[in-house]
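Heads up, the thing below is written out as C-alpha coordinates.
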Amino acid sequence: MRERNDEDRDPLACAEPGCPMLGTVDRGSSGRFLCSAHAWAEPARWRGITEALNRQQRLRQFIADLRRQDSVAPAVLLSAARQVWGDGSPLLPASWETLEAYRERMHRELVARVEEAVS
Ligand SMILES: [Zn+2]
(Lines give C-alpha, C1' and ligand atoms only; values in the text may rest on other atoms or scores of the structure.)
Protein backbone atom coordinates (compact mmCIF):
# COMPACT_ATOMS: atom_id res chain seq x y z
CA MET A 1 0.00 0.00 0.00
CA ARG A 2 1.37 3.35 -0.99
CA GLU A 3 1.41 6.47 1.07
CA ARG A 4 -0.63 9.26 -0.40
CA ASN A 5 2.39 11.42 -1.25
CA ASP A 6 4.52 8.64 -2.66
CA GLU A 7 4.15 9.79 -6.24
CA ASP A 8 5.65 13.15 -5.38
CA ARG A 9 8.60 11.67 -3.59
CA ASP A 10 12.02 10.97 -4.98
CA PRO A 11 12.07 7.23 -5.73
CA LEU A 12 15.51 7.12 -4.14
CA ALA A 13 14.26 8.74 -0.93
CA CYS A 14 14.33 6.98 2.43
CA ALA A 15 11.18 4.86 2.80
CA GLU A 16 10.29 6.47 6.12
CA PRO A 17 7.55 9.06 5.38
CA GLY A 18 8.78 12.64 5.71
CA CYS A 19 12.45 11.70 5.84
CA PRO A 20 14.53 14.05 3.68
CA MET A 21 17.43 11.62 3.17
CA LEU A 22 18.21 9.17 0.39
CA GLY A 23 17.44 5.53 1.10
CA THR A 24 20.72 3.66 0.97
CA VAL A 25 20.29 0.71 3.33
CA ASP A 26 17.99 -2.26 2.75
CA ARG A 27 18.09 -4.38 5.85
CA GLY A 28 16.76 -7.82 5.03
CA SER A 29 16.62 -7.29 1.26
CA SER A 30 13.00 -6.09 1.40
CA GLY A 31 13.36 -3.56 -1.40
CA ARG A 32 12.52 -0.92 1.20
CA PHE A 33 15.53 1.37 1.37
CA LEU A 34 16.02 3.49 4.45
CA CYS A 35 18.62 6.16 5.11
CA SER A 36 21.44 5.14 7.42
CA ALA A 37 19.92 7.19 10.28
CA HIS A 38 16.69 5.20 10.18
CA ALA A 39 18.05 1.81 9.14
CA TRP A 40 20.07 1.26 12.31
CA ALA A 41 17.69 2.82 14.85
CA GLU A 42 14.82 1.30 16.80
CA PRO A 43 11.49 2.00 15.00
CA ALA A 44 10.22 3.74 18.15
CA ARG A 45 12.80 6.48 17.51
CA TRP A 46 12.09 6.91 13.80
CA ARG A 47 9.68 9.83 14.09
CA GLY A 48 12.10 11.77 16.26
CA ILE A 49 14.90 11.03 13.83
CA THR A 50 12.81 12.30 10.91
CA GLU A 51 12.06 15.52 12.79
CA ALA A 52 15.71 15.98 13.75
CA LEU A 53 16.85 15.43 10.16
CA ASN A 54 14.33 17.95 8.90
CA ARG A 55 15.67 20.53 11.38
CA GLN A 56 19.18 20.13 9.90
CA GLN A 57 18.26 21.54 6.50
CA ARG A 58 21.36 23.72 6.17
CA LEU A 59 23.80 20.93 6.98
CA ARG A 60 21.95 18.45 4.75
CA GLN A 61 22.02 20.93 1.85
CA PHE A 62 25.72 21.51 2.39
CA ILE A 63 26.43 17.76 2.34
CA ALA A 64 24.32 17.39 -0.82
CA ASP A 65 26.34 20.18 -2.45
CA LEU A 66 29.59 18.45 -1.46
CA ARG A 67 28.35 15.18 -2.95
CA ARG A 68 27.83 16.86 -6.32
CA GLN A 69 31.54 17.72 -6.50
CA ASP A 70 34.09 15.28 -7.87
CA SER A 71 36.94 17.51 -6.91
CA VAL A 72 37.26 21.05 -5.73
CA ALA A 73 40.22 23.32 -5.10
CA PRO A 74 40.88 23.63 -1.34
CA ALA A 75 40.52 27.41 -1.48
CA VAL A 76 37.15 27.11 -3.22
CA LEU A 77 35.96 24.55 -0.69
CA LEU A 78 37.09 26.72 2.21
CA SER A 79 35.36 29.75 0.73
CA ALA A 80 32.10 27.83 0.22
CA ALA A 81 32.25 26.42 3.75
CA ARG A 82 32.92 29.89 5.22
CA GLN A 83 29.80 31.21 3.54
CA VAL A 84 27.76 28.51 5.25
CA TRP A 85 29.46 28.23 8.64
CA GLY A 86 31.24 31.55 9.13
CA ASP A 87 34.86 32.33 9.91
CA GLY A 88 36.51 30.28 12.61
CA SER A 89 33.84 27.59 12.70
CA PRO A 90 35.06 24.09 13.64
CA LEU A 91 33.01 22.90 10.68
CA LEU A 92 35.40 24.50 8.16
CA PRO A 93 37.63 22.08 6.21
CA ALA A 94 41.16 21.68 7.52
CA SER A 95 44.01 22.38 5.10
CA TRP A 96 45.05 18.70 5.16
CA GLU A 97 41.53 17.35 4.74
CA THR A 98 40.54 15.80 1.41
CA LEU A 99 37.10 16.47 -0.05
CA GLU A 100 36.13 12.88 0.70
CA ALA A 101 37.29 13.13 4.31
CA TYR A 102 35.48 16.44 4.73
CA ARG A 103 32.28 14.98 3.30
CA GLU A 104 32.60 12.13 5.76
CA ARG A 105 33.11 14.51 8.65
CA MET A 106 30.05 16.55 7.67
CA HIS A 107 28.01 13.35 7.50
CA ARG A 108 29.23 12.33 10.97
CA GLU A 109 28.31 15.81 12.21
CA LEU A 110 24.77 15.30 10.91
CA VAL A 111 24.52 11.87 12.53
CA ALA A 112 25.80 13.28 15.82
CA ARG A 113 23.29 16.15 15.78
CA VAL A 114 20.43 13.75 15.09
CA GLU A 115 21.55 11.35 17.81
CA GLU A 116 21.83 14.21 20.28
CA ALA A 117 18.34 15.42 19.36
CA VAL A 118 16.68 12.04 19.88
CA SER A 119 18.68 10.82 22.89
ZN1 LIG B 1 15.43 8.21 6.77
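The values are calculated or read from the model by the stated rules, or taken from the named source; none is laboratory data. Since the model is a prediction, treat every value here as computed from it, not as a measurement. Glycine also receives a Cβ, built like all others from the backbone with ideal geometry; neighbour counts cover every protein chain displayed.
Given the conditions (1) modelled with pLDDT of 95 or more; (2) assigned to a loop (DSSP other than H, G, I, E, B), report the number of the one that Arg32 does not fulfil. Condition (1) is where Arg32 drops out.
Yes/no matrix, rows are residues, columns are (1) assigned by TED's automatic domain parsing to the domain that holds Val118; (2) within 16 Å of the ligand (Cβ to nearest atom); (3) among the hydrophobic types (A, V, I, L, M, F, W, C):
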site: Glu16; (1), (2), (3): no, yes, no
site: Phe62; (1), (2), (3): yes, no, yes
site: Arg68; (1), (2), (3): yes, no, no
site: Val76; (1), (2), (3): yes, no, yes
site: Arg82; (1), (2), (3): yes, no, no
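Picking from residues in the stretch 18-28 that are over 12 Å from the mean Cα position of the chain (by Cα) and more than 14 Å from Arg47 (Cβ to Cβ), the one that is nearest to the ligand (Cβ to nearest atom) is Val25. Scanning the stretch 90-119 for residues that are part of a helix (DSSP H, G or I), over 20 Å from Arg55 (Cβ atoms) and not basic (Lys, Arg) yields Leu99, Glu100, Ala101, Tyr102, Glu104.
Quick test for you: out of Ala64, Ala52, Ala37, pick the one residue that is surrounded by fewer than 17 Cβ atoms within 10 Å (Cβ to Cβ) and among the hydrophobic types (A, V, I, L, M, F, W, C).
Answer to the check: Ala64.
Can you tell me which residues in the stretch 40-49 are aliphatic (A, V, I, L, M) and either within 19 Å of Leu12 (Cα to Cα) or surrounded by fewer than 14 Cβ atoms within 10 Å (Cβ to Cβ) (or both)? Hits for the stretch 40-49 are Ala44, Ile49.
The set of residues in the stretch 83-97 that are under 19 Å from the mean Cα position of the chain (by Cα) and surrounded by 12 or more Cβ atoms within 10 Å (Cβ to Cβ) comprises Val84, Trp85, Leu91, Leu92, Pro93.
Here is a yes/no grid of residues against (1) free of Cβ contacts under 8 Å to residues at least 24 places away in the same chain; (2) over 30 Å from Pro17 (Cβ atoms):
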position: Leu53; (1), (2): no, no
position: Gln56; (1), (2): no, no
position: Ile63; (1), (2): no, no
position: Asp70; (1), (2): yes, yes
position: Pro74; (1), (2): yes, yes
position: Leu78; (1), (2): yes, yes
position: Arg82; (1), (2): yes, yes
position: Trp85; (1), (2): yes, yes
position: Leu91; (1), (2): yes, no
